[in-house]
Amino acid sequence: MSSHHIVREKQEPALLVLGLDSFPFELLGQLLEWSPTVIATRQTAELLNNQGIKIDWVISNDTHSSLQSDIKQMPAGNDSLAEAALKYLITHGYPAVNIIADDLQLKDYLFYTDKINLVIFHGNQKIYAVNSGFSKWKPAGEMVEVLTHPHDLHLSGLEPLGNHNFRTTHDGFFSLQFEHPFLFIAEGL
């Protein structure tokens, strides 16, 4: 890293690791490149720890810890592990979080989409919330899936393939217009 590039705390997205069963290890290295705050479950913490990856917080309701003593414990209370971690990140001023999850329950993230920038990595997909008027440049032939189903969806630059899957029609921008405050879309990794 050059001396003129300083990464401030919370400048990069935090990393919440809820599951690692289908996540490529190479991509994990990219997400860890700028030393984000790492929050893991008890199970994922052991996997990360075995790989020599520094963990800041373990989220659990289990007070027994067999992990390193410098790892802080974050109780989930009555919340799901994801909800407890997101509440912590929002309360402590984190603007963004990358989430790695084996199980995807979008309803767990609905309340937080306007409070923190969420990117969810699930299987071979990158999932995020977009507002109406969203546009993004992609090469021709790329796949985009609309995971929530808004009324009055208008698309440009995408051709429908069925089951809420679309393909970009050309190199360039595609855009989405709809009536809801936001929707979740997925693209391939």
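Readers should treat all values here as calculations from the given coordinates under stated rules, not as data from a laboratory. Quick caveat: nothing in here was measured; it's all calculated off a predicted structure. Here Cβ is always computed from backbone atoms with ideal geometry, including for glycine, and neighbour counts include all displayed protein chains.
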Open item on the list: About the Cα centre, and with charges only on the beta carbon of Lys, Arg (+1) and Asp, Glu (-1), how big is the dipole of the chain? Nearest 20 debye, please.
Closed with: 360 debye
Task: Amide H contacts under 5 Å for Ala76, placed H, 5+ residues apart - done: Ser60, Asn61
Task: Proxy reagent accessibility, fewest Cβ within 10 Å first, across Met74, Met143 - done: Met143, Met74
- [ ] Put one equal scatterer on each alpha carbon of the chain, apply the Debye formula with no solvent term, and list log10 I(q)/I(0) at q = 0.20 1/Å to two decimals.
- [x] -1.39
Open item on the list: Out of all DSSP beta bridges in the chain, what portion is antiparallel? Express it as a percent rounded to 5.
Closed with: 60 percent
TODO: Do me a favour and compute the ellipsoid semi-axes for segment 111-189 from its Cα gyration tensor, root of five times each eigenvalue, largest one first, whole Å.
DONE: 19, 15, 12
Open item on the list: List the pairs from Lys10/Lys115; Lys72/Lys126; Lys10/Lys72 whose alpha-carbon separation is above 22 Å, in the order I gave them.
Closed with: Lys72/Lys126
Task: the chain: angle of helix 81-91 to the longest principal axis, Cα-based, in degrees nearest 10 - done: 90 degrees
Task: Quotient of Cα Rg and 2.2 N^0.38 Å for segment 14-111, N being how many residues it contains - done: 1.01
Open item on the list: Springs between alpha-carbon pairs under 10 angstrom, Gaussian network model over the chain: which of Glu12, Glu33, Glu145 fluctuates most?
Closed with: Glu33
